[in-house]
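K.L.:
Structure incoming, see below.
The values are calculated or read from the model by the stated rules, or taken from the named source; none is laboratory data. All values reported here derive from a predicted model rather than from experimental measurement. Positions of Cβ are backbone-derived with ideal geometry, glycine not excepted, and every protein chain shown enters the neighbour counts. Areas reflect the complete protein model, heavy atoms only, side chains present, ligands, DNA and RNA absent. Shrake-Rupley method; radii C 1.70, N 1.55, O 1.52, S 1.80 Å.
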Amino acid sequence: MNLQFMKAGSSDALVLNAISKLAFGSDVKVGAPSAGGPPGYMSLKYHMKMAKSGHLFKLTENGLIIGGAVLFRNGDTLNIGRIFIDPKNFRKGYGTLMMREIEAQFPDAKLFTLDTPAWNTRTNAFYTGLGYSEVKRDADFVYYSKTR
């Protein structure tokens, strides 16, 4: 198995858009109040914009895209805007691998931040299991951070 995590180009946006749509669409199976996802999760225009601005990343296995991430750098802070894995590859450790790769590829980042829906027990458990600490919570989201 040859896994790689790297910046995605505009030519990857169509595949990443499709995977994003499937991944976030699957949340209704684990407690989402309705179908949906983060802003732009099923917009090719959004994914093209993220690729062109250097914020879109891809996880490949043997050259095939199996997941993606949208990352934003601000000084010493890296905000993990979202990560997503093709649902046919759920529960195989790819999300954990992607999060470790994100942290490894930004060795000078001192703080990693992210948020996830409060209702999503799957992602909340995932992030706390990776050492992220809850810093704030509101009616809709739980906000996490991890310092180096």
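K.L.:
Restricting to region 118-148, what's the tally of residues that are small (Gly, Ala, Ser), closer than 19 Å to Ile102 by Cα and not in a helix (DSSP H, G or I)?
P.N.:
Qualifying residue count for the region: 3.
K.L.:
Whether any residue in region 46-56 is closer than 19 Å to Thr116 by Cβ, out of contact with any helix residue (DSSP H, G or I) (no Cβ under 6 Å at 6 or more places or on another chain) and of a type in the set (Gly, Ala, Ser) is what I want to check.
P.N.:
no
K.L.:
So, in region 97-133, of the ones that are open to solvent by 60 Å² or more (accessible area, probe 1.4 Å) and of a type in the set (Val, Ile, Thr), which residue ends up farthest from Val28 (Cα to Cα)?
P.N.:
By that ranking, first place goes to Thr128.
K.L.:
Keeping to region 23-59, report how many residues are surrounded by 15 or more Cβ atoms within 10 Å (Cβ to Cβ) and closer than 23 Å to Arg91 by Cβ.
P.N.:
Here the count works out to 13.
K.L.:
Looking only at region 69-104, filter to residues that are in contact with a Lys or Arg (Cβ under 9 Å, 6 or more places away or on another chain) and of a type in the set (S, T, N, Q); which one of those is nearest to Pro38 (Cα to Cα)?
P.N.:
Per the criteria, the residue is Asn79.
K.L.:
Let me ask something else about it. Condition test on Ile19, is it modelled with pLDDT of 95 or more, within 16 Å of the chain's Cα centre (by Cα), more than 22 Å from Lys146 (Cα to Cα) and assigned to a helix (DSSP H, G or I)?
P.N.:
Yes; evaluated as a whole, the condition is true for this residue.
K.L.:
Mind listing whichever residues of region 78-88 are touching a strand residue (DSSP E or B) at 6+ places or on another chain (Cβ under 6 Å) and either open to solvent by 40 Å² or more (accessible area, probe 1.4 Å) or without any contact (Cβ under 8 Å) to a residue 24 or more places away in the chain (or both)?
P.N.:
Asn79, Ile83
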